[in-house]
Structure formats: structure tokens, C-alpha cells
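A short worksheet on the structure shown next.
The values are calculated or read from the model by the stated rules, or taken from the named source; none is laboratory data. These figures come from a predicted structure and were not determined experimentally. Please note: Cβ atoms are built from the backbone with ideal geometry, for glycine as well, and neighbour counts cover all protein chains shown. We work out accessible area using only protein heavy atoms, side chains counted, and drop any ligands, DNA or RNA first. Shrake-Rupley method; radii C 1.70, N 1.55, O 1.52, S 1.80 Å.
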Amino acid sequence: MTYSETLNDYEGIYYDKNVNKKELEILARRTKIHFEKESIKLFPTKDMIIESRQRKLKTSASGFAITTNGIIVTNYHVVENAESIKVKGINSNFDKSYNAKVVVFDKNNDIALLKLTESETMKLSIPFTLRTELAKVGESIYALGYPLRASMGDEIKLTNGIISSKTGFQGDATTYQVSAPVQPGNSGGPLFDNKGCLVGIVSSKHAEAENVTYAIKTNYLVSLLELLPNKPNLQKTNLLEGKELSDKIEQISKFVYIIEIN
């Protein structure tokens, strides 16, 4: 779920001061109808993204590094039809935006891999490993991302919960259902188990239920990574196991980024 962000707020839609209020009313009605009819459709819709571009709105979501040479994971719906992609937070620098491009994607499973188009590399080793075995119902998990930036700020946000189900919406076997609450802007952010292993990618939430979030299982990410021209060397040693949660977050947050789309 991406998030349209500018200075003003109308029914949850952030807009420029020069935008016509009647047009905003139409957009707000579309949003309400969209959520009433579609249980897990992501925010914003494709039509809303197009309208956002026409009104020069900025859309943002989350993403995270998977290798130190500039490969970044996010959702496909975040970058679909993007005219430009910028990444903030590389090496903890949120003052500079780095250009990125999509190198490979899986539309069906809603995953995209980005690569920085500049030569900047991460200065630290990826501290987490990828967990591909199925998580169990009841396991503790936590999600990280940058939701609702205009009102909640640019500091990374942590929410936690448990694995509620091994399958997602209507029994979808590609996703977990988890109880960690997420908001627009969390799309593409990582989901970790209590050992600090990556277990999923946050993708959506149930619009008609509280704290029902869906995350794409990590093994689908592994399959996509294998399609890269040069197969990346993934971290094999979990540097987070045994650490306090606050210490884990301090290390992980250096590799979770803001993805801005125009």
C-alpha cells in the first residue's frame, strides 16, 4: 500500500493547495467505494496513481536492501507504471535521493527488485538472513516501514504481532496472514521473525477487518532473485540472533528505505 503525500489533507488524500476541491471530492468517493468493494485491494489504485501524477502528487512506500551492491526489494504494485523511482535512506542518509530502476519483477506475486542506477553501495553487511521454511501459526513477527509520512513523519515505524495463518486472503498460499497492523506506505517493507530472519514482504491488509495484514512469503523472493543476470550472494550468517529487539531494529533499520514514485 503506497501513500500519496503533500501538504494538505482531504479525506485521507494529501494534495497540493492548487488542486480543485471538486476533483478531490470525486477522488475521495472513489477511495471509499474502492475499499467497500475490494477487501484487500491496495491503496492507491492504478487510476488514483495516474491522477496523482497529473496533480503532481508524490507517492511513497517502503523497501529494503537484500544485497550490499544495490539490490532493493519492494512490491510490484509500488513501482508499476512508475515514471521515476527514488530511494531515500541509503547508508542512513535521508537527505539524498538515489535513482533506481526495476531489474526484474513478479507481477503475480507482487514483488519487484530494484537496483540503484548510481554507484553507491551499502557500507555495512546485511545483518539478516532469509528464512524459506514455513513459519508456524503463533510465531512472533514484526514489520518495519514508512507509513503515512505526512502525518507520522519519516522515522521508521515498528509494529509487531504473530503469524495468524499460513495462508492469506481466501486461502492464498503465497502469503501469510499476520496481526501486525500496517498503514498506507508500509507496502514493500520487510517482515521478520523473532530471530531476525526475513520471513515475508508486507503487501496489503484486509480493508474490512482490524489488524489483518498479508505478507508475501520469502521463498517467492528467493525464486525471483534467481532470475537476476548475476545471482547475488545472500547473507548466510544471521547477525541478529540473540540480540534484544531494540538492537535488532537499530541494525535492520539501516537497510529499510523510503521508495518515492512519480
Checklist line | Flag for Lys115 being surrounded by fewer than 22 Cβ atoms within 10 Å (Cβ to Cβ) and in a strand (DSSP E or B) | finding: yes
Checklist line | Flag for Leu158 being among the aliphatic types (A, V, I, L, M) and under 16 Å from Lys248 (Cα atoms) | finding: yes
Next item on the list: Report, by residue number, each residue of the range 246-256 that is acidic (Asp, Glu) and either farther than 19 Å from Asp154 by Cβ or open to solvent by less than 80 Å² (accessible area, probe 1.4 Å) (or both).
Entry: Asp247
Margin query: Quick check on my filter: what residues within the range 141-174 are outside any loop (DSSP other than H, G, I, E, B), open to solvent by less than 60 Å² (accessible area, probe 1.4 Å) and farther than 22 Å from Ile259 by Cβ?
Written below: Gly161, Ile163, Ser164, Ser165, Phe169, Gly171
Next item on the list: Would you check which residues across the range 182-205 are touching a helix residue (DSSP H, G or I) at 6+ places or on another chain (Cβ under 7 Å) and part of a loop (DSSP other than H, G, I, E, B) and list them?
Entry: Gly185, Ser187, Gly188, Gly196
Item checked: Filtered residues of the range 122-136 (kept if over 20 Å from Glu244 (Cβ atoms) and open to solvent by 70 Å² or more (accessible area, probe 1.4 Å)) -> Lys123, Thr132, Glu133, Leu134, Lys136
Item checked: Output for the range 212-245, where each listed residue is within 22 Å of the chain's Cα centre (by Cα) and either open to solvent by 80 Å² or more (accessible area, probe 1.4 Å) or of a type in the set (Lys, Arg) (or both) -> Lys217, Glu226, Leu227
Check: How many residues are more than 9 Å from Ala143 (Cα to Cα) and either open to solvent by 10 Å² or more (accessible area, probe 1.4 Å) or touching a His at 6+ places or on another chain (Cβ under 9 Å) (or both) if we restrict to the range 177-187?
Finding: 5
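Look through Asn91, Asn69 and report the one residue that is in contact (Cβ under 8 Å) with a residue 12 or more places away in the chain, farther than 30 Å from Thr167 by Cβ, in contact with a Pro (Cβ under 9 Å, 6 or more places away or on another chain) and not in a strand (DSSP E or B).
Just one listed residue meets the conditions, Asn69.
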Next item on the list: Only residues that are open to solvent by 20 Å² or more (accessible area, probe 1.4 Å) and within 19 Å of the chain's Cα centre (by Cα): list them for the range 85-103, please.
Entry: Lys86, Lys88, Asn91, Ser92, Asn93, Phe94, Ser97, Asn99, Lys101, Val102, Val103
Next item on the list: Pairs only if they're at least six apart or on different chains, beta carbon under 7 angstrom, first in the range 122-149 and at positive phi, second among the aromatic types (Phe, Trp, Tyr) and not in a loop (DSSP other than H, G, I, E, B); list them, first residue then second.
Entry: Leu148/Tyr3
